[in-house]
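Notes for the one structure printed next.
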Amino acid sequence: MKKISKVLFAGLILLASCSKKDLTNNETENPIAGHRQCATMEVHNRMMAEDANYAKKHQEIEDFTNRVIESGNYRLVNGVIEIPIVYNVVYKTTAQNVSQAMLDAQTAVLNADFNATNSDLNKVPTLFQSSIGNVGIRFVQQAVVRKKTNKTSWSTNDAVKKSTQGGVNPTNPAEYLNIWVCNLGNGILGYAQFPGGAAATDGVVLLYSSLPGGSAAPYNKGRTATHEVGHYLNLRHIWGDATCGSDLVNDTPTHNTANYGCPTYPHYSTCSGNPVEMTMNYMDYTDDACMYMFTNGQKSRVLAVFAPGGPRSTMGD
Ligand SMILES: [Zn+2]
């Protein structure tokens, strides 16, 4: 019998506490305004509970990230890191078979948001302007894989990433960011796998209608991809998935919980110190039109995964 580690136990508790919240949204097929749903933590907690190796690796990556940030030993690169994207479009209907123009628009949104060239960056309030992080990652479409399926919708069980289950296997996840575009059920807009998980399931899954110009308003400006790629590059939700929790980043304010919709500025936290919450951060749960910044601290955390020995150091050479 395997010994249950502390981390595994913590994972089980998290899983148990999460399932309660999920139940309330199970009947919802489509995303609804004011209720952005990302399933990254649900998948993370499942992996922590089921896979002791992932739990161990996850802690190692956290320790590594802290060491890199402390020492400043980031990879020596001139300018930006370039990440090739493989889009895996798994569709049943014509609408789900998103056009090349929509994929191009999605890549453009990722490039704008990760290089602080998004046109709404000027909305960042004065209080947070010095915190704006230009992450400096360029995304380039490498390939598009399209596959027709009989499946009406997909869940967070990663079947969409497996050809044996009607999905598409990822292409070379050590070098490419795989993005699956499909009809996710239960009102979920997307989910990502944090660094440290199995290569076979590495990447990001997006609801097809969350792409720019899709039908999932107010989540149809491509920011679900920005948020999920943030997770893929080791960023946590800004409220730390707990009441006044930590996102492991120093320059983001402590949030009570997730913010939805488009909060009026300033929105004050009731956590210690009553800071103004950074509701416009991509790692909150606000509408696409109301999130438009990463911070310098988030940038440091992202760049650490590309440092020599880091979990994504094989990418972007
Ligand atoms: Zn998320």
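Each peptide in 204-217, 161-174 receives the mean, over its residues, of other Cβ atoms within 10 Å, and ordering these scores from highest gives 204-217, 161-174.
Taking amide H as placed 1.01 Å from N in the peptide plane, the amide H of VAL89 sits under 5 Å from that of VAL145, ARG146, LYS147, VAL181, each at least 5 places away or on another chain. Rounded to the nearest 500, the helix-only mean residue ellipticity at 222 nm of the chain stands at -8500 deg cm²/dmol, with each DSSP H run of n ≥ 4 adding -39,500 (n - 2.57).
Summarised in one figure, the compactness ratio Rg/Rh of the range 91-183, Cα atoms and Kirkwood Rh, is 1.08. Viscosity 0.692 mPa s, temperature 37 °C: give me the Stokes-Einstein translational D for the chain in µm²/s, with Rh taken as the Kirkwood radius over C-alpha pairs. After rounding, the answer is 167 µm²/s.
Check every DSSP H run in the chain and write down those whose alpha carbon atoms cover 18 angstrom or more along the long axis and whose mean Kyte-Doolittle hydropathy is 1.0 or greater. Please list the in-between numbers first.
Numbers: long enough: 6-23 (26 Å, 1.08); 52-71 (29 Å, -1.16); 100-114 (21 Å, 0.37).
The answer, listed by residue number, is 6-23.
Taking the Cα centre of the chain as reference, the dipole from Cβ charges on Lys and Arg (+1) and Asp and Glu (-1) amounts to some 660 debye.
Taking square-rooted eigenvalues a ≥ b ≥ c of the alpha carbon gyration tensor, is the range 32-110 rounded, prolate or oblate, where a/c under 1.5 means rounded and, failing that, a/b exceeding b/c means prolate?
Here the range 32-110 falls in the oblate category.
Extents of the range 230-282, taken as max minus min of Cα coordinates on every principal axis and listed largest first, are 29, 23, 18 Å.
With 0.36 nm allotted per residue and the present C-alpha distance subtracted, the ALA108-ASN150 stretch has 12.1 nm of extension available.
Each 10 Å bin from zero up to the one holding the largest Cα-Cα distance in the range 174-278 carries the following percent of pairs: 15, 37, 34, 14, 1.
Pairs LYS123/LYS161; LYS57/LYS161; LYS56/LYS221; LYS162/LYS299: which exceed 29 Å Cα-Cα?
Working: LYS123/LYS161 37 Å; LYS57/LYS161 22 Å; LYS56/LYS221 36 Å; LYS162/LYS299 32 Å.
Long pairs (Cα-Cα over 29 Å): LYS123/LYS161; LYS56/LYS221; LYS162/LYS299.
Show me the ranking of peptides 56-69, 285-298, 227-240, 119-132 by mean Cβ neighbours inside 10 Å, starting with the highest. The partial results should precede the final answer.
Details: 56-69: 16.1, 285-298: 22.4, 227-240: 25.4, 119-132: 13.0.
The packing order, highest mean first, is 227-240, 285-298, 56-69, 119-132.
A convex hull fitted to the Cα coordinates of the range 105-253 yields 138 cubic angstrom per residue.
Every number here is computed from the coordinates shown, using simple stated rules; none is lab data. Because the structure is a prediction, the values reported are computed rather than measured. With ideal geometry, Cβ positions are generated from the backbone for all residues, glycine too; neighbour counts draw on all protein chains shown.
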